[in-house]
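Colleague: Quick one: the structure is below, questions incoming.
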Amino acid sequence: MTRLTSPRKRQGGKCMRYDAIIFDLFGTLVDNLPAAAFKQTLTQIATILRVPAPELISLWRGELWQRRVRGEFASLPETYNYVCNTFGVTVSESQIEEAVKVRFDYSRRSLAPRVDTVETLRTLKAAGYAIGLISDCSMEIPQLWDKSALAPLIDVPLFSCAVKLKKPDPHIYALAHERLDIPAERCLYVGDGGSRELTGATATGMQAVLIYAPYETFKGHSEHQEEVDGWQGPKISAIREILTIVDETLLS
């Protein structure tokens with residue numbers, strides 16, 4: 001594991017271990033929506049597109065997830081056209097538009113910040129930290145981003161679908177600290193362990209922190225669960241606790 005760098009002084013004599021904090025999005029700054037909401041949304045989309053719901057859910061979680069987060073589909077209509085071709089169905093433009101609306105409504109709900117997220121980010125920014133974001137996501141997230149409550153608080157947001165890089169590819173971490181203009185060793189990464197993001201961050205020279213909210217559960221023996229169970233580095237259970245890691249005085 002990367003060792004913590006020695007604190008250094010900034011203007012005003014304040015010691016800071018890091019110059020930037022880079023966050024994951026889902027399961028970190030925002031909650032993962034319940035599995036039931038995901039299933040309900042895709043079932044509704046399946047009904048609109050007249051395709052079998054169980055098969056659509058399986059496709060969406062598998063092949064389509066990997067392709068969407070890598071930016072292979074530029075838009076939701078393009079994605080839905082692929083789905084319809086896969087199942088051999090023909091739909092109208094209005095059906096596609098209706099399915100797009102359902103998915104955008106779901107994605108908009110998914111961007112609601114956790115209760116302590118906005119306050120924590122404001123505190124970090126006021127203290128002089130640069131704030132970055134690295135998220136594995138599909139195109140509707142960057143399309144909705146500017147209207148989210150988080151957008152004004154993030155200096156450099158990186159979305160896998162836009163940069164066509166997915167965690168834990170070292171190039172996406174390098175792109176983040178390069179755009180922040182801050183060396184990797186002066187960046188702290190915070191995430192819930194999805195996509196092997198924590199080991200990916202430390203491999204590039206960053207220190208990493210696992211956030212694991214008590215109410216989050218991960219079923220099965222997935223890569224996500226492996227990273228959570230095997231993590232030996234710093235852990236927090238709420239985003240506000242990151243303040244104790246970067247500077248305890250920020251809690252006063």
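The values are calculated or read from the model by the stated rules, or taken from the named source; none is laboratory data. What you are looking at is a predicted structure, and each value in this text was computed from that prediction instead of being measured. Glycine gets a Cβ as well: all are built from the backbone with ideal geometry, and neighbour counts include every protein chain shown. Just the protein is used for accessible areas: all its heavy atoms, side chains included, with ligands, DNA and RNA removed. Shrake-Rupley method; radii C 1.70, N 1.55, O 1.52, S 1.80 Å.
Colleague: Got at least one residue in region 205-220 being over 14 Å from residue 29 (Cβ atoms) and assigned to a helix (DSSP H, G or I)?
Modeller: So far as region 205-220 goes, no, none of its residues is over 14 Å from residue 29 (Cβ atoms) and assigned to a helix (DSSP H, G or I).
Colleague: If I go through region 182-213 residue by residue, how many of them are touching a Phe, Trp or Tyr at 6+ places or on another chain (Cβ under 6 Å), open to solvent by 10 Å² or more (accessible area, probe 1.4 Å) and not basic (Lys, Arg)?
Modeller: 1
Colleague: Does residue 53 satisfy the condition of being over 21 Å from the mean Cα position of the chain (by Cα), small (Gly, Ala, Ser) and open to solvent by less than 10 Å² (accessible area, probe 1.4 Å)?
Modeller: no
Colleague: Which residues, taken from region 43-74, are among the basic types (Lys, Arg) and either modelled with pLDDT under 95 or part of a helix (DSSP H, G or I) (or both)?
Modeller: Listed by number, the residues that qualify are 61, 67, 68.
Colleague: Would a scan of region 156-176 turn up a residue that is under 21 Å from residue 245 (Cα atoms) and surrounded by fewer than 20 Cβ atoms within 10 Å (Cβ to Cβ)?
Modeller: no
Colleague: Let me ask something additional. Counting just the residues of region 232-252 that are at pLDDT 85 or above and more than 18 Å from the chain's Cα centre (by Cα), which one comes out most open to solvent (accessible area, probe 1.4 Å)?
Modeller: 232
Colleague: Write out, first by first residue and then by second, each pair whose Cβ atoms fall under 6 Å of each other, whose residues are 6+ apart or on separate chains, and whose first residue, in region 147-174, is on the phi < 0 side of the Ramachandran plot and among the β-branched types (Val, Ile, Thr) while the second is open to solvent by less than 50 Å² (accessible area, probe 1.4 Å) and in a loop (DSSP other than H, G, I, E, B).
Modeller: Going by the 6 Å Cβ cut-off, the qualifying pairs are 172/165.
Colleague: Among the residues of region 214-231, is any surrounded by fewer than 21 Cβ atoms within 10 Å (Cβ to Cβ), modelled with pLDDT under 95, at positive phi and touching a helix residue (DSSP H, G or I) at 6+ places or on another chain (Cβ under 8 Å)?
Modeller: no
Colleague: If you don't mind, there's one more thing I want to ask. Go through (1) open to solvent by less than 40 Å² (accessible area, probe 1.4 Å); (2) within 22 Å of residue 246 (Cβ to Cβ) one by one and return the number of the condition residue 115 breaks.
Modeller: Among (1) open to solvent by less than 40 Å² (accessible area, probe 1.4 Å); (2) within 22 Å of residue 246 (Cβ to Cβ), residue 115 violates only (1).
Colleague: Inside region 14-35, can you point out the residues that are closer than 20 Å to residue 141 by Cα and out of contact with any Phe, Trp or Tyr (no Cβ under 9 Å at 6 or more places or on another chain)?
Modeller: Matches in region 14-35: 26, 28, 30, 34, 35.
Colleague: For residue 107, state whether it is small (Gly, Ala, Ser), open to solvent by less than 70 Å² (accessible area, probe 1.4 Å) and assigned to a helix (DSSP H, G or I).
Modeller: yes
Colleague: Identify all residues within region 132-147 that are open to solvent by 20 Å² or more (accessible area, probe 1.4 Å) and more than 12 Å from the chain's Cα centre (by Cα); write none if there are none.
Modeller: Passing the criteria: 139, 143, 144, 146, 147.
Colleague: Residue check: is residue 144 at pLDDT 95 or above and out of contact with any Gly (no Cβ under 8 Å at 6 or more places or on another chain)?
Modeller: In short, yes.
Colleague: Report, ordered by the first and then the second residue, all pairs with beta carbons closer than 6 Å, sequence separation of six or more or different chains, a first member in region 70-93 that is hydroxyl-bearing (Ser, Thr, Tyr), and a second member that is open to solvent by less than 40 Å² (accessible area, probe 1.4 Å).
Modeller: Once the first residue is hydroxyl-bearing (Ser, Thr, Tyr) and sits in region 70-93, its partners that are open to solvent by less than 40 Å² (accessible area, probe 1.4 Å) give 79/73; 80/96; 80/99.
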